[in-house]
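The values are calculated or read from the model by the stated rules, or taken from the named source; none is laboratory data. What you see is a predicted model, and the numbers here were worked out from it, not measured in a lab. In this analysis, Cβ positions are derived from the backbone assuming ideal geometry, glycine residues included, and neighbour counts consider all displayed protein chains. We work out accessible area using only protein heavy atoms, side chains counted, and drop any ligands, DNA or RNA first. Shrake-Rupley method; radii C 1.70, N 1.55, O 1.52, S 1.80 Å.
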Amino acid sequence: MKHIMSFGILASTVLAFASPVLAQTVFVSTQLRPIEEATVVREELLKDVGSVDYVVEEPPQFAVRMEAERQAGKHTVSLVGALHGELSPLADKDTLEPLDDLAKKLAESGMPQSLLDLGKLGKSTQQYIPWMQATYVMAAKKEALQYLPDGADVNALNYDQLIEWGKNMQEATGQPQIGFPAGPKGLMARYFQGYFYPSFTGGVVRTFQSADAAAGWEKLKALWAYVTPNSTSYDFMQEPLAAGEVMVAWDHIARLKNAISAAPDDYVVFPAPAGPKGRGYMPVVAGLAIPKGAPDKAGAEKIIEHLSMPETQLLTASKVGFFPTLNVKLPPDLDAGVALLAGAVTATQASKDAVISLLPVGLGDKGGEFNKVYMDSFQRIVLQNEPVADVLKTQGATMAKLMTDTKAACWAPDAKSDGPCPVE
């Protein structure tokens, strides 16, 4: 009943504002939501492109809004910016305009075909234009390097070395010096889905309750002895790094950028550690799409073209730390902090033991529930010290039901599935 009511309220809102005299092109985005980033979009990235109303939405609200407009048949949104996995449900319902002409033009401008192919979302036509890309890395104050274990290469760490590094720092300083964004708005769920699980199990869903997973959780418990308890309140790691609360942190590059750009000579940036199955990492691709029925399709196309220009893509990298989808060379005068982050991204992608984990696909509006399975497991195993096997069994059952309910097929690094991805 709750969902029906929320759709009804949104649908009535859509109807109320769906006026043919909309003065602005409405651009709704799940990306660049924090006020500082949204201000950059409005005042710099969208400058000189006409009258644009840039509206930010949390992913669950975005899904509800788009479904409400689809059901009402009255459209206020002309352009959407969202992650690959957030756009996939819209494509599944055939609600996005094909963008083949734009894709062809951008291919000629140097956008890699592999990225453009992602934007087809498994269809024959272009569903979205890749807008910007990012990933997650680790950053450390240079003063922390003196505590690295003997023989450890910061660009090729494994979990045992990270644990020993944490132990050395804690013994030297008297405080835990490693931090993770495990707060209410932190991206810790992505750590589990893109880094921890692929590194220890080679999968994300199929391997959720495996013996490899259990061994990984035990290793994480050992690491957590050297992680600051304040991690459960951290949403962005740039603040505790800059404040000197931690010396080593893992986070999304855009959520590390401010600290590193403010004092680039103080930091090193490097890939996340490897586990027995390799070095998990999650490339994050955000795309731009035009909903069918958009009141200003021409305006939306103009914005996509503008945001896809080399100079705008480089400005995006410099200002918010998301990297170009065009094959452009980063300029020598690029912000030094962004250059450090770019180097870590390149090192991650080039790792011989890299295990790519895609963002979840096919979950529709259940992405939050998927994240919660990992976060609840973390709370119970690591923070509350419940038996690993018991937690994985109950949470695995929750995961299996979620996969069945959504009919979501497996995505990399899990092997493909016919039908819902199984929890084995």
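A few points about this structure:
- Of all residues in region 40-67, exactly one satisfies the criterion of being surrounded by fewer than 22 Cβ atoms within 10 Å (Cβ to Cβ), modelled with pLDDT of 95 or more and either of a type in the set (S, T, Y) or touching a Gly at 6+ places or on another chain (Cβ under 9 Å) (or both), namely Y54.
- Considering residues of region 336-362 that are part of a loop (DSSP other than H, G, I, E, B) and at negative phi only, the residue surrounded by the fewest Cβ atoms within 10 Å (Cβ to Cβ): K352
- Only helices (runs of 4 or more DSSP H) whose full extent lies in region 229-310 are considered here, and the ones with at least 1 residues that are open to solvent by less than 10 Å² (accessible area, probe 1.4 Å), out of contact with any Gly (no Cβ under 6 Å at 6 or more places or on another chain) and farther than 17 Å from Q31 by Cβ are 238-242, 257-262.
- Test: residue in region 119-130 that is open to solvent by 40 Å² or more (accessible area, probe 1.4 Å) and in contact (Cβ under 8 Å) with a residue 40 or more places away in the chain: no
- Inclusion of Y136 among residues that are of a type in the set (F, W, Y), in contact (Cβ under 8 Å) with a residue 40 or more places away in the chain and closer than 23 Å to E305 by Cα is not warranted.
- One residue alone among V269, V205 is more than 23 Å from A344 (Cα to Cα), modelled with pLDDT of 95 or more and within 19 Å of the chain's Cα centre (by Cα), and that residue is V205.
- Restricting attention to region 86-114, the residues being farther than 22 Å from A408 by Cα and either among the aliphatic types (A, V, I, L, M) or assigned to a helix (DSSP H, G or I) (or both) number 13.
- Only one entry of S308, S318, S261, S357 meets the criterion of being without any contact (Cβ under 8 Å) to a residue 24 or more places away in the chain and not aliphatic (A, V, I, L, M), and that entry is S318.
- Here P420 qualifies as open to solvent by 30 Å² or more (accessible area, probe 1.4 Å), over 24 Å from R279 (Cα atoms) and at pLDDT 95 or above.
- L315 being touching a helix residue (DSSP H, G or I) at 6+ places or on another chain (Cβ under 9 Å) and farther than 30 Å from E69 by Cα: yes
- Subset tally (residues that are in contact with a strand residue (DSSP E or B) (Cβ under 9 Å, 6 or more places away or on another chain) and of a type in the set (D, E, K, R)) for region 38-59: 3
- Qualifying positions in region 146-177 - open to solvent by less than 20 Å² (accessible area, probe 1.4 Å), closer than 17 Å to G216 by Cβ and among the aliphatic types (A, V, I, L, M): L157, L162
- Subset of region 64-82 that is polar (S, T, N, Q) and not in a helix (DSSP H, G or I) - its residue that is farthest from F322 (Cα to Cα): T76
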